[in-house]
């Protein structure tokens with residue numbers, strides 16, 4: 001059982017109310033791979049990096065069962081770089097610098113060795129590129145999950161609508177769901193978005209958890225209240241990695257199992273925010289994950305006597 005992950009591998013410079021880093025490894029595919037590799041191997045990475053991307057980071061990913069045959073290394077350009085500053089609420093941020101560098105030429109190619117993968121995670125990229133990846137696969141995966149953002153809704157809406165018809169699960173945050181649907185109510189927004197093609201919709205609400213929609217069914221998963229939140233960068237991608245990792249490991253894509261997958265994704269994301277970049281994701285063990293899942297269970301478990 002394998003998962004193809006398509007997305008960025010990059011450098012980030014991050015400033016939060018609790019600290020600052022000048023240059024650390026980031027990128028959507030990096031976070032997804034760290035999370036998903038806790039549940040299954042191989043994770044088959046498709047990305048692009050420049051000459052400056054650290055070899056030790058590649059080695060670390062390989063040691064976790066991440067295959068890098070689909071990662072293009074450009075010898076004469078730098079890796080994608082993003083810099084941002086978070087506000088005190090940690091839910092809003094300002095982008096300070098975006099240097100596309102190698103990402104400007106990214107044309108993801110699926111290696112022959114990746115054909116036959118049963119799960120596909122399309123990280124936040126230009127919708128045309130997401131579509132091209134799906135079209136390169138000779139067999140349709142059992143489940144295709146797509147992440148996108150408001151930028152593509154504003155600049156490539158027609159392409160985005162085209163790719164939405166080809167996927168099973170769409171992941172967006174609450175502001176993006178409202179923008180895509182032109183509805184304020186998230187329930188109304190979900191109904192409109194599901195008519196666009198995806199069978200399932202996940203609306204991420206940061207520290208307020210996540211919602212899963214399928215037909216008339218709705219499931220809400222809270223986020224774990226944390227004492228220390230240092231850096232929310234990559235939390236959404238870590239959530240996605242935990243979500244698809246659990247589904248691929250259990251080989252079950254039912255709505256009931258997706259509920260569990262959302263809790264697993266939330267648990268992984270709760271680790272990610274505890275340190276800058278993917279540092280915390282490098283440290284956690286299966287035991288850590290199991291303990292945190294128990295905390296989630298205790299958070300939502302209750303007895304009620306109906307009157």
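The values are calculated or read from the model by the stated rules, or taken from the named source; none is laboratory data. Just so it is clear, the model here is predicted, and its values are computed rather than measured. Note: ideal-geometry Cβ built from the backbone for every residue, glycine included; neighbour counts use all protein chains shown.
Given the structure, is residue 151 loosely packed, with under 15 Cβ neighbours inside 10 Å, under 18 Å from the mean Cα position of the chain (by Cα) and closer than 30 Å to residue 194 by Cα?
Numbers: loosely packed, with under 15 Cβ neighbours inside 10 Å: yes; under 18 Å from the mean Cα position of the chain (by Cα): yes; closer than 30 Å to residue 194 by Cα: yes.
So residue 151 fits the description; yes.
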Handout entry: Hey, residue 4 part of a strand (DSSP E or B) and closer than 23 Å to residue 172 by Cβ or not
Key = yes
Exercise for the section: Tell me which residues, restricted to the stretch 91-109, are surrounded by fewer than 16 Cβ atoms within 10 Å (Cβ to Cβ), touching a residue at least 40 places away in the same chain (Cβ under 8 Å) and part of a loop (DSSP other than H, G, I, E, B). Expected result: 91, 109
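In the stretch 141-153, how many residues are at pLDDT 95 or above and in contact with a helix residue (DSSP H, G or I) (Cβ under 8 Å, 6 or more places away or on another chain)? So that I can check it myself, show each step before the final result.
First, the residues of the stretch 141-153 that are at pLDDT 95 or above: 141-148, 153.
Then drop every residue that is not in contact with a helix residue (DSSP H, G or I) (Cβ under 8 Å, 6 or more places away or on another chain), which leaves 143-148, 153.
Residues flagged as at pLDDT 95 or above and in contact with a helix residue (DSSP H, G or I) (Cβ under 8 Å, 6 or more places away or on another chain) within the stretch 141-153 amount to 7.
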Handout entry: Residue pairs meeting the criteria (Cβ under 8 Å; at least 6 apart or on separate chains; first at negative phi, in the stretch 210-223; second part of a loop (DSSP other than H, G, I, E, B) and crowded, with 21+ Cβ neighbours inside 10 Å)
Key = 210/223
Completion exercise
Scanning the stretch 191-209 for residues that are touching a residue at least 40 places away in the same chain (Cβ under 8 Å) and outside any helix (DSSP H, G or I) gives 198, 200, 202, 209
Handout entry: Given (1) out of contact with any strand residue (DSSP E or B) (no Cβ under 9 Å at 6 or more places or on another chain); (2) part of a loop (DSSP other than H, G, I, E, B); (3) closer than 24 Å to residue 243 by Cβ, number of the condition residue 40 does not satisfy
Key = (1)
Completion exercise
Restricted to the stretch 268-304 and to residues being in contact with a strand residue (DSSP E or B) (Cβ under 9 Å, 6 or more places away or on another chain) and outside any helix (DSSP H, G or I), the residue nearest to residue 19 (Cα to Cα) is 276
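Select from the stretch 74-86 the residues that are free of Cβ contacts under 8 Å to residues at least 40 places away in the same chain and surrounded by fewer than 16 Cβ atoms within 10 Å (Cβ to Cβ) and write down the one among them that is nearest to residue 2 (Cα to Cα). Before the answer, list the steps.
Taking the stretch 74-86 and keeping what is free of Cβ contacts under 8 Å to residues at least 40 places away in the same chain, we get 74-78.
Cutting the leftovers down to surrounded by fewer than 16 Cβ atoms within 10 Å (Cβ to Cβ) gives us 75-76.
Numbers: 75: 29, 76: 32 Å.
Looking at the filtered set, the residue picked out is 75.
The rows are residues; the columns are (1) at pLDDT 95 or above; (2) surrounded by 20 or more Cβ atoms within 10 Å (Cβ to Cβ); (3) touching a helix residue (DSSP H, G or I) at 6+ places or on another chain (Cβ under 6 Å).
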{"residue": "3", "(1), (2), (3)": "yes, yes, yes"}
{"residue": "9", "(1), (2), (3)": "yes, yes, yes"}
{"residue": "15", "(1), (2), (3)": "no, no, no"}
{"residue": "19", "(1), (2), (3)": "no, no, no"}
{"residue": "29", "(1), (2), (3)": "yes, yes, no"}
{"residue": "47", "(1), (2), (3)": "yes, yes, yes"}
{"residue": "50", "(1), (2), (3)": "yes, yes, yes"}
{"residue": "53", "(1), (2), (3)": "yes, yes, no"}
{"residue": "64", "(1), (2), (3)": "yes, no, no"}
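Filter the stretch 55-90 down to the residues that are in a strand (DSSP E or B) and within 29 Å of residue 16 (Cα to Cα) and list them by number. Give the derivation first.
Of all residues in the stretch 55-90, those in a strand (DSSP E or B) come to 66-74, 80-86.
Selection gives 80, 81, 82, 83, 84, 85, 86.
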Practice task
Return yes when residue 213 is part of a helix (DSSP H, G or I) and surrounded by 16 or more Cβ atoms within 10 Å (Cβ to Cβ) and no when it is not.
Solution key: no
